[in-house]
Amino acid sequence: MSGPLAAPPLDLATLAARLADPGAIPRDRPSPEEDLERAARTGGRIVPAAVLVPLIAHPEPTVLLTLRSARLNSHAGQVSFPGGRMEEGETPEETALREAEEEVGLDRALPRIIGRLPAVLTGTGYRVTPVVALLTPPFDLRHDPGEVEEPFEYPLARLLDPAAPERRRQEFRGRMREFWVWPHERHYIWGATASMLVTLAGVLRDQR
């Protein structure tokens, strides 16, 4: 019996080339039809946002995630990447770095931007651009408890296992919806974050 997949070395040149055209990367969800449905449900109101997807260059690499504070008005208690809505005149990269600094105290000068994943339109009307970056230890995190309950790391080796994420179905607003759930000992990783992780896993496997 073969053992679990090992995480690939973080080959930045190959990864950057793979991320150079986000439009060419297969999107996990939503489909273009679901995009239109989501936009219709929000009255066509789309809010641009960005998140930072920090790949941490440990000997066994990880990706940084956060558990959102239960006190937040939106997506309280959910797992996400650090990020938020874009301010006037900002690029997705600027937003992602600013929000990561505000939420988990990550010095915005430390992450090395590699590229972007395809944008995801959420059911709450946010068009989220995931910005992938390399983060080299050591670094300090000082999370804002008003926004983040805790930051935590997820092993890239687990992302590479095609059998790891589970596809689930649940009725929502009168329709059956399908979504991914990634295994974790303490947290429920689902929704847009899980979808981004599925896409990231595909990109990482593609560079092996």
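Please verify whether the range 104-111 includes one or more residues that are assigned to a loop (DSSP other than H, G, I, E, B), at pLDDT 95 or above and among the small types (Gly, Ala, Ser).
yes
Somewhere in the range 125-139, is a residue surrounded by fewer than 21 Cβ atoms within 10 Å (Cβ to Cβ), farther than 20 Å from residue 12 by Cβ, at pLDDT below 95 and not acidic (Asp, Glu)?
Within the range 125-139, one or more residues are surrounded by fewer than 21 Cβ atoms within 10 Å (Cβ to Cβ), farther than 20 Å from residue 12 by Cβ, at pLDDT below 95 and not acidic (Asp, Glu).
Touching a residue at least 12 places away in the same chain (Cβ under 8 Å), part of a helix (DSSP H, G or I), closer than 19 Å to residue 49 by Cβ and of a type outside the set (A, V, I, L, M, F, W, C): does that describe residue 129? So that I can check it myself, show each step before the final result.
Values: touching a residue at least 12 places away in the same chain (Cβ under 8 Å): yes; part of a helix (DSSP H, G or I): no; closer than 19 Å to residue 49 by Cβ: yes; of a type outside the set (A, V, I, L, M, F, W, C): yes.
The answer is no for residue 129.
Which one is modelled with the lowest pLDDT, of the residues in the range 150-171 that are closer than 24 Å to residue 49 by Cα and surrounded by fewer than 19 Cβ atoms within 10 Å (Cβ to Cβ)?
Applying the filter and picking the extreme gives 150.
The values are calculated or read from the model by the stated rules, or taken from the named source; none is laboratory data. What you see is a predicted model; the values in this text were computed from it and never measured. Note that each Cβ is placed from the backbone with ideal geometry, even for glycine, and that neighbours are counted across all protein chains shown.
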